[in-house]
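K.L.:
There's a structure below that I have some questions on.
The values are calculated or read from the model by the stated rules, or taken from the named source; none is laboratory data. Small disclaimer: the values here were computed from a predicted structure and weren't measured. For neighbour counting, all protein chains shown are included, and Cβ atoms are generated from backbone atoms with ideal geometry for every residue, glycine included.
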Ligand SMILES: CC(C)(COP(=O)(O)OP(=O)(O)OC[C@H]1O[C@@H](n2cnc3c(N)ncnc32)[C@H](O)[C@@H]1OP(=O)(O)O)[C@@H](O)C(=O)NCCC(=O)NCCS
């Protein structure tokens, strides 16, 4: 293909944001949609690991996509992951192989830069990306309920809003929790802060009260021993990520009980999200498990990025809030 792959900046970025707004605005105004993206790029993790590329022909944008540069672990080895998001062909140029050309070019470049594995979450089912050599990793969305405390009030756990000083504890909990899984991200301080910032930005840039980002921790001896990041929208809570030093997850369950007990008169929230297979707080029940709305798919780029055998749902740890 003779077309050029260029970083999406300036007027090219404007053209892409104008065209993609209808599909991905998430309830934001046009101005807020632009700021949501540029503010993510301005975070320490975004600056170094988030890029948007455009396939252009004589200055005209044909197609574009975001690339997230993660590090991770596959079958016990450190790998570099190219996360592909927001694949989009300008409406006037569809059906001419531009998305395929863009993905191929981006992945060639990513592989040359050391990426071992390409990862994406398809909003259009698996067929299109299967033709681009991606294969599905099964994944479920969960609906959860929280058993309310017998004491009809907050359990005796010190729960407070999470702060920057808690991030190291979150990282340490994440490392222990993810270690047994065959595929997971390496979530360092910057990535954890990016994940929290992203949810706060979406809430802050939206219509007043439309969404909230709730970040709470359970504290013991001045450190965070469990935490949860929730996106709340109307009466639905989505668990974006969570952690607990206690393998059983009992303190996460206690945080959720405390949050629900804050306002006993309020209707109970519907809770959805995702939890790793071995993370089942006794206070939390899974009431429904269904195939994820977004299909998780991978394409190995090197031998190191090739799973030793097909990955099952329970061998992968990937938080909802990290889905891109
Ligand atoms: C999906 C999309 C990127 C494809 O772009 P494109 O440049 O037209 O793609 P290509 O020319 O490489 O491939 C065209 C093929 O994709 C198929 N296709 C397009 N949209 C599809 C969809 N939603 N589901 C499955 N296949 C789809 C077309 O039917 C066509 O099939 P054909 O080759 O058998 O005729 C484009 O339709 C788009 O931007 N859609 C809106 C944004 C979106 O949904 N992006 C995907 C996010 S995961």
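K.L.:
Hey, does region 61-72 have a residue that's away from the ligand (no atom under 16 Å from the Cβ) and over 22 Å from residue 302 (Cβ atoms)?
P.N.:
Taking region 61-72 and keeping what is away from the ligand (no atom under 16 Å from the Cβ), we get 69-72.
After this cut, where a residue has to be over 22 Å from residue 302 (Cβ atoms) as well, the list is none.
Looking through region 61-72, none of the residues is away from the ligand (no atom under 16 Å from the Cβ) and over 22 Å from residue 302 (Cβ atoms).
K.L.:
May I ask you to list the residues in region 236-290 that are closer than 15 Å to residue 320 by Cβ, in contact with a helix residue (DSSP H, G or I) (Cβ under 6 Å, 6 or more places away or on another chain), assigned to a loop (DSSP other than H, G, I, E, B) and in contact (Cβ under 8 Å) with a residue 60 or more places away in the chain?
P.N.:
274
K.L.:
Then there is this: Are any of the residues in region 128-142 touching a helix residue (DSSP H, G or I) at 6+ places or on another chain (Cβ under 7 Å) and within 13 Å of the ligand (Cβ to nearest atom)?
P.N.:
Looking only at region 128-142, we keep the residues that are touching a helix residue (DSSP H, G or I) at 6+ places or on another chain (Cβ under 7 Å), and these are 132, 138-140.
With within 13 Å of the ligand (Cβ to nearest atom) added as a condition, the list becomes 132.
Yes: region 128-142 contains one or more residues that are touching a helix residue (DSSP H, G or I) at 6+ places or on another chain (Cβ under 7 Å) and within 13 Å of the ligand (Cβ to nearest atom).
K.L.:
What number of residues within region 90-124 satisfy the criterion of being within 15 Å of the ligand (Cβ to nearest atom), in contact with a strand residue (DSSP E or B) (Cβ under 6 Å, 6 or more places away or on another chain) and either assigned to a strand (DSSP E or B) or touching a residue at least 40 places away in the same chain (Cβ under 8 Å) (or both)?
P.N.:
Step one: of region 90-124, the residues within 15 Å of the ligand (Cβ to nearest atom) are 90-107, 118-124.
From what is left, the residues that are in contact with a strand residue (DSSP E or B) (Cβ under 6 Å, 6 or more places away or on another chain) are 90, 93, 98-99, 102, 105-107, 118-122.
In the following step, the residues that additionally are either assigned to a strand (DSSP E or B) or touching a residue at least 40 places away in the same chain (Cβ under 8 Å) (or both) were identified as 90, 98, 102, 105-107, 118-122.
So the count comes out to 11.
K.L.:
Among the numbered conditions (1) within 13 Å of the ligand (Cβ to nearest atom); (2) under 19 Å from the mean Cα position of the chain (by Cα); (3) not in a helix (DSSP H, G or I), tell me where residue 26 comes up short.
P.N.:
Condition (1) is where residue 26 drops out.
K.L.:
Still on this structure: Does at least one position in region 51-59 carry a residue that is touching a residue at least 60 places away in the same chain (Cβ under 8 Å) and more than 14 Å from the ligand (Cβ to nearest atom)?
P.N.:
Within region 51-59, the subset touching a residue at least 60 places away in the same chain (Cβ under 8 Å) is none.
No, there is no match, as no residue in region 51-59 is touching a residue at least 60 places away in the same chain (Cβ under 8 Å) and more than 14 Å from the ligand (Cβ to nearest atom).
K.L.:
Next up: Only one of (1) at pLDDT 95 or above; (2) buried (at least 19 other Cβ atoms within 10 Å of the Cβ) is not met by residue 155, so which one is it?
P.N.:
(1)
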